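For reference, the structure discussed in these notes is given below.
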Amino acid sequence: GNLKLLAMPALGGDRGEATPQCTISRYEHMCGVCKSNILPGDRMFCFESDATTNKKSICWGHESCHNTNLPPPPTCRHWMRLGRCPSLQAGLCAFSHNEDARGSAATNLDKKRYGGRRNYIRNQHKNSVLRIFLMQTYGIDYLNQENGVIIDAAGGKGELAWELINLSGVKDCVVVDPRQLNLSLVQTKWKKGLFEPKRTGPVFSKWYPACEDGCKMRQSKSPRHLRCFLDGEACVEFMNAASEEDVHRADDWYQNQLIRAKEISWTSKGLTQHEDGTSNHEEEATNNVESKSSETIETAESEISSAQEARSVLQKSHLIVGLHCDQAAGEIVDFASAKNIPWCVVPCCTYSEMFSCRKLADGTRVTSYDHLVQWLQERDPRAKVATLDMEGKNKVVYTLP
């Protein structure tokens with residue numbers, strides 16, 4: 001949920017305090033007071049240097065070098081832009097967090113997306129937010145269950161599954177989505193070392209247990225990909241096929257799903273019908289030319305073409321998740337209920353016209369986001385609801401093992 005920052009003691013305030021608010025150094029650099037080196041692991045505070053130019057700069061000093069005559073620390077940029085600071089809650093932000101400055105530099109508040117129809121939503125880190133929630137809620141031991149598979153339903157580019165494998169250390173997470181994976185952004189960050197402990201820092205490094213300093217030198221692993229739509233009832237029938245006749249019919253169904261997926265083109269025209277502009281709709285197209293970049297070739301190789309392998313993935317699944325999974329929200333619950341495994345859904349759009357038969361327990365039609373959250377919760381008496389720390393559609397409905 002939202003961080004309760006106001007309940008914290010006054011941290012990182014004016015430099016008149018006898019003891020400064022400090023953070024842990026991740027690099028070696030010079031102390032702005034004694035001019036000796038601050039070493040990685042040393043506690044340090046910050047202050048603004050003397051304004052000899054129009055551009056202000058930040059200086060760092062050893063905790064022991066602090067004195068009340070130094071200038072105050074500058075205001076935390078996260079506090080000004082987002083109105084919150086995770087490092088503050090952990091007591092490891094050396095910047096100022098005055099209430100008057102909270103949210104004072106928020107950007108894109110009036111910016112519109114997709115021709116001015118939708119508000120701009122700052123949820124670029126939504127995959128990491130949900131990944132951390134999964135680690136907190138289910139525990140890494142359950143996520144990394146022996147011979148188990150996590151299903152990322154309607155996983156889009158595949159970034160959530162990629163993060164679970166490469167950052168959390170989950171052995172197997174498979175994306176089920178008709179779209180081709182696109183991992184170029186996270187792979188670029190990996191190659192630049194942005195997930196290494198020296199970059200994530202002491203507050204966040206515990207959520208990156210599979211990363212170590214220098215991990216950028218090894219190759220990241222792409223998740224496997226069932227390139228098809230998630231149809232809960234059909235997937236259960238495909239998974240449970242036993243007789244030779246049933247297996248043959250189910251295998252034909254899967255191969256047809258693969259063909260259908262490759263005939264789908266995801267365009268801006270589909271996006272114009274979307275309710276919040278955060279993911280795509282499908283549009284049938286006869287010519288669907290896909291990029292042949294190295295990333296595309298790599299993700300194409302991770303696609304599961306064997307019906308036998310696809311059936312094994314579904315049979316071994318022990319958790320199914322969906323982040324802004326659009327029409328697949330109900331299918332996720334159907335599949336999980338049939339297999340008796342926990343599920344975790346961050347719903348997005350309602351699609352009240354497409355799913356006009358959806359009704360709440362009191363008979364109310366599901367026509368709004370709050371209705372959809374309640375409808376998912378009513379599907380399973382064990383279901384719980386929590387709020388993720390991100391903007392936009394941030395309610396998560398989930399069950400436990």
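The values are calculated or read from the model by the stated rules, or taken from the named source; none is laboratory data. Note that the structure is a prediction, hence the values are computed from the model and not measured. Methodologically, a virtual Cβ is constructed for each residue, glycine included, from the backbone with ideal geometry; neighbour enumeration extends over all protein chains shown. Accessible surface areas use protein heavy atoms only, side chains included; no ligands, DNA or RNA. Shrake-Rupley method; radii C 1.70, N 1.55, O 1.52, S 1.80 Å.
Each Lys or Arg adds one and each Asp or Glu subtracts one; over the other residues with Cβ under 10 Å from the Cβ of His225, this totals -1.
Among Asp251, Asp362, the sequence by solvent-accessible area, most first, with a 1.4 Å probe is Asp362, Asp251.
Label separation (Glu48 vs Asp389): 2.7 nm, computed from points 7 Å beyond Cα along the C-beta direction. Shown for the range 135-259: the carbon plus sulfur share of the solvent-accessible area, taken with all protein chains present and a 1.4 angstrom probe, equals 48%. Once you've got the Cα coordinates, tell me which of Lys189/Lys384; Lys191/Lys316; Lys216/Lys262; Lys339/Lys384; Lys157/Lys191; Lys316/Lys384 are over 26 Å apart. Cα-Cα > 26 Å for Lys189/Lys384; Lys191/Lys316; Lys216/Lys262; rest within.
Taking N as the residue count of the range 138-210, its C-alpha radius of gyration divided by 2.2 N^0.38 Å amounts to 1.15. Charge tally for Gly330 (other residues, Cβ to Cβ under 13 Å; Lys, Arg +1; Asp, Glu -1): -4. Taking every alpha-carbon pair in the range 204-268 and binning the separations at 10 Å intervals from zero gives 16, 29, 18, 24, 12, 0 percent. Ordered from highest to lowest accessible area with the whole protein assembly present and a 1.4 Å probe, Trp60, Trp190 read as Trp60, Trp190. Note that the range 292-401, at 37 °C in a medium of 0.692 mPa s, gets a Stokes-Einstein diffusion coefficient of 211 µm²/s from its Kirkwood radius over C-alpha pairs. Across all Cα atoms of the range 313-363, the radius of gyration (one decimal) and Dmax (whole number) stand at 12.2, 37 Å.
Given H placed 1.01 Å from N in the peptide plane, which residues other than close sequence neighbours of Val149 have an amide H under 5 Å from its amide H? Answer set, sorted by chain and number: Ser317, His318, Leu319.
Counting charges near Val385 (Lys, Arg +1; Asp, Glu -1) among other residues having Cβ under 14 Å from its Cβ returns a value of +2.
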